[in-house]
Amino acid sequence: MRAEVFEESLALRIGLLEALPLSGGDHHSYPFPSLATTSAVEEREFLAVVIENTYLRLTILPALGGRILRILDKRTATDLLPLRDVLAPVVGGPRGVTLPDGIQFRLTNEDRLNALGTVAYQIDAAQDDEEDAGVWLAESSMAKGLSWHLRISLPPDRAEIHFHARILNRTFKGVPYNSGLTLDKSSWATEGELAFAGDQQLSRFDRETMLGPRQVDSWTMKVAPGPCSIAGNLRMGDDLSIQVNRPIPSAKVLLLTSGDETLEARFDLYPEHPTQVPLNGIVPKAVVVQGIEGTELIRWPALPPAAAPPPDYCEPLLDRFVLGGRHLAHTLKGIEALGAKDFEQADEEFEQALLYNGDDPLLWWAKAIAQRKMASEGDQVELPNAHFLAPLEPALRAEAFLSQSSQQGKDANPLVKTLSPEDLVEIACLLLEHLLPDEATRWIDEALRHQDLAMLHYLQADALLQGTRMETEAAHHVVQGAKAQLPPNPWRSVELEALERLAKRFPTDERLRKLCT
């Protein structure tokens, strides 16, 4: 069968949590509140994304942080991630609770702040029998400056899971970073750009580092059932059982006997079922499976681990990981040119920045804005490139809206309808950060048609005071901000600086005073 991806409903019994009031001790979880477990349990319906091929079936829950909650090995009818009767969060993690179920994506050595929340997703179906099928998961504004895209997929002809991650530092300062997967080392074989740092953490580096300003990191991994090899597993009994994860035609099986004699035979190995190799009473000291080209694919017993490396073994990798400053300098110059309405110069600066940091989707987005402002003609690759790098980036939805005529009625624009409150604020901050107050004002006007958020009112008030000195309208937004819903809590420098300026301008406003303390 071709690899398939689809949605289905899944009923789960899950332990309920309690959000605690924000306090000065919440610096690890801010801008989210800390959480506490309760004794209450409730059955709820979740929308699940299922990816399936002939051999494996993955169940992914976007509403629980995008974790892979279940993996069924269809060849053996085995649940590789057995599901508990009740999903019960336990004490731990930066917000006070963690859910120890499934395989989840991390940005640092700890759980993500939104590891129990909803992430955006987009199904990526196979177009033919040769392609893999998967789903893109993404967050843009839930991790204090980091946004990420993670594609999880299954190839049509292999019993292995593919991960492709892209992580962007959206800020102009370094952010703590060490992305990876929470994965049981004893149950899975892995191959790719992550390594185990402990029994449960598959990580980019052996220790936390910093993701530089506007730096993008990406990595790929393959994960397969069983700890032996990404190619397959060997099990010893009266016979030798070889279970492969992909077809290996004309494989050579080598048996090393106790008398140091090597016996060999060739087999066509297929993942649909294990291949039984009769041992005829031989108890081998070691078994090796080689591909047709002689490459070693599976070994039993596994080779002993190498001697512990010196503490600084990853320094060369980290040196290569840290980018130079040229991309950042050109990016900041481009933003300065946007603010001066010199869009041709902005376009040139962003073009130079892309020479050094071409996988930054926000650079392509900013260049597209400069092109739009110049009313550029001809083929443009800026937005298609940004969509390729980050298909769920909310700034791209905003650009689609801002590219439309401003002469619209009072009805809310459907392009903005599905964006979350966090995304609405994130886009407003991005436009202000890129010195585009007119674009930000138009965006906030539209966003307020969808969500009456205090932070949108405050950003609008500050933009009006900074750009137009429209104090009456700004004061109106401050009054509305005191009435509107507060979440998401402010944490970006754009938000904090706007709140400080407004608190000085409107010293009697109680909510502004509290937000600034």
- prompt: With L137, L240, L211, L234 as the choices, which residue is crowded, with 21+ Cβ neighbours inside 10 Å and closer than 27 Å to I123 by Cβ?
  reply: L137
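This table checks each residue for (1) basic (K, R); (2) within 24 Å of V50 (Cβ to Cβ); (3) under 16 Å from the mean Cα position of the chain (by Cα); (4) at pLDDT below 95.
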| position | (1), (2), (3), (4) |
| --- | --- |
| H162 | no, yes, yes, no |
| A165 | no, yes, yes, no |
| K173 | yes, no, no, yes |
| L181 | no, yes, yes, no |
| S187 | no, yes, no, yes |
| T209 | no, no, no, yes |
| Q215 | no, no, yes, yes |
| M221 | no, yes, yes, no |
message: Could you tell me how many of the residues in region 490-508 are touching a Gly at 6+ places or on another chain (Cβ under 9 Å), under 15 Å from Q460 (Cα atoms) and open to solvent by 50 Å² or more (accessible area, probe 1.4 Å)?
response: 0
- line: Scanning region 80-98 residue by residue, those more than 14 Å from E18 (Cβ to Cβ), in contact (Cβ under 8 Å) with a residue 60 or more places away in the chain and under 20 Å from the mean Cα position of the chain (by Cα) turn out to be P94
- request: Pull up region 407-416, narrow it to residues that are surrounded by 10 or more Cβ atoms within 10 Å (Cβ to Cβ) and polar (S, T, N, Q), then point me to the one that is farthest from A375 (Cα to Cα).
  value: N413
message: Quick check on my filter: what residues within region 174-196 are assigned to a loop (DSSP other than H, G, I, E, B), within 19 Å of L146 (Cβ to Cβ) and aliphatic (A, V, I, L, M)?
response: L194
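Every residue, every condition in (1) assigned to a loop (DSSP other than H, G, I, E, B); (2) surrounded by fewer than 17 Cβ atoms within 10 Å (Cβ to Cβ), yes or no:
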| site | (1), (2) |
| --- | --- |
| T418 | yes, yes |
| E422 | no, no |
| E439 | no, no |
| R449 | no, yes |
- prompt: Taking region 53-80, which residues are open to solvent by 30 Å² or more (accessible area, probe 1.4 Å) and either in a helix (DSSP H, G or I) or of a type in the set (D, E, K, R) (or both)?
  reply: R57, A63, R70, K74, R75, D79
query: For region 250-266, does any single residue satisfy the condition of being within 29 Å of I71 (Cβ to Cβ) and open to solvent by 40 Å² or more (accessible area, probe 1.4 Å)?
result: no
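The values are calculated or read from the model by the stated rules, or taken from the named source; none is laboratory data. For clarity, every value in this text was computed on a predicted model and none was experimentally measured. Neighbour counts run over all protein chains shown; Cβ positions are idealised from the backbone, glycine included. Surface accessibility is based on the protein's heavy atoms, side chains included, excluding ligands, DNA and RNA. Shrake-Rupley method; radii C 1.70, N 1.55, O 1.52, S 1.80 Å.
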